[in-house]
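The structure appears below as structure tokens.
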Amino acid sequence: MKHFLKVTDFSVEEAEDIFKNAAAMKQLGRKTPAALERQSWGMLFYKNSTRTRVSFEAGLYELGAHAIILSSQNTQLGRGESVADTARVLSRYLSGIIIRCYDHAIVEEFAQAGSIPVVNALTDFLHPCQLYADLFTLMERWDDQGPMVNRLKGRKVAFLGDTASNMANSWILSAAHFGMELSLGGPAGFEPGPEVDRLLDEAGLPKNYVFTTDANAAVKDADVLYTDVWVSMGDEEEAAKREEIMRPYAVTSELMAQAKSDACFMHCLPAHPGMEVTQEVLDSPASIIFDEAENRLHVQKSILAALAGE
């Protein structure tokens, strides 16, 4: 049985199949074959959500499955039942479960204790479904012949702002896994932590990233500029401090001009115009944020089908 907790849980060859199937599903639109017909999948939320909930729930429906929406507060988890016991019980009812939570240990424990596929729909450490959608969006833009994953090789991504975030960590794994270059531009003290380097070591992957406090240096010759909110859920108490120290890393038109002339801008959303990115960049022809958001649906459908063995 396979889980999708981090980008590297699928080999490059398996990822190629997922991206190809996502492209086929996107072309079919709402007429995707019911690969999960008569299955029930749980969706367990510890955090609020727009894109994650709607894209997964719609995707499950289009694949023929029934989505059961759960929260940590409206289940016995909110009264102290252990993650392990919850996993064992839900495994008797469900074909798989999608979890969006704070602590990455929750998805790991669920995968260990349960007997159904577990999908990481976001933790404070990693956000693999978003990364697969991001990569797929770039492959569509760089429409070369041959394997889809080959379109990523040698491309440079510059990630600005909170370079110790779940998105930055996921880009670190992706860059190494798919042969990309990654430049992280953020304030001192926000260097990637040892946990993500440990994952690289465990997977036998190179450290394909550099960290700099110079935003202009980070974006030089970049094919993609990527940013995320400066204050993630759970970090609200640090909001004022983060906004002050991360302001030099806001993505502006001037910063975009330091990258390649055809560089694109990406953001996993929701965005805060005037903070991590200007409205001008969000509305510019370089911005592909809504293609990126749409592709969560198609790529996640492909991931779910792969985990179900279809």
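Annotations for the structure displayed:
- From the list GLU81, GLU57, the lone residue that is of a type outside the set (Ser, Thr, Tyr), over 21 Å from the mean Cα position of the chain (by Cα) and not in a strand (DSSP E or B) is GLU81.
- The lone exception for SER253 - which of (1) at pLDDT below 95; (2) touching a helix residue (DSSP H, G or I) at 6+ places or on another chain (Cβ under 7 Å) it fails: (1)
- The set of residues from the range 101-111 being surrounded by 16 or more Cβ atoms within 10 Å (Cβ to Cβ) and in a loop (DSSP other than H, G, I, E, B) comprises CYS101, TYR102.
- Cβ pairs under 6 Å, 6+ apart, first in the range 83-99 and closer than 23 Å to ALA305 by Cα, second of a type in the set (A, V, I, L, M, F, W, C) and in a helix (DSSP H, G or I): ALA87/PHE110; ALA87/ALA113; ARG88/ALA113; ILE98/PHE56; ILE99/VAL107
- Residue pairs meeting the criteria (Cβ under 7 Å; at least 6 apart or on separate chains; first touching a residue at least 60 places away in the same chain (Cβ under 8 Å) and assigned by TED's automatic domain parsing to the domain that holds THR227, in the range 166-189; second among the basic types (Lys, Arg) and buried (at least 24 other Cβ atoms within 10 Å of the Cβ)): LEU173/LYS6
- Every residue from the range 229-262 that is over 21 Å from the mean Cα position of the chain (by Cα), not aliphatic (A, V, I, L, M) and not in a helix (DSSP H, G or I): THR252, GLN258, LYS260, SER261, ASP262
- Enumeration of residues in the range 60-78 that are within 29 Å of MET25 (Cα to Cα), under 23 Å from the mean Cα position of the chain (by Cα) and not in a strand (DSSP E or B): LEU60, TYR61, GLU62, LEU63, ALA65
- The one condition in (1) within 30 Å of LEU255 (Cα to Cα); (2) assigned to a helix (DSSP H, G or I) that ARG88 fails to fulfil: (1)
- Unmet requirement for ILE98, which otherwise passes all of (1) surrounded by fewer than 18 Cβ atoms within 10 Å (Cβ to Cβ); (2) closer than 17 Å to HIS298 by Cβ; (3) β-branched (Val, Ile, Thr): (1)
- Tally of residues being surrounded by fewer than 22 Cβ atoms within 10 Å (Cβ to Cβ) and farther than 25 Å from ASN295 by Cα across the range 254-274: 4
- Only residues that are buried (at least 24 other Cβ atoms within 10 Å of the Cβ) and β-branched (Val, Ile, Thr) were counted in the range 282-302, giving 1.
The values are calculated or read from the model by the stated rules, or taken from the named source; none is laboratory data. All values reported here derive from a predicted model rather than from experimental measurement. Cβ sites come from the backbone with ideal geometry, for glycine too, and all protein chains shown count toward neighbours.
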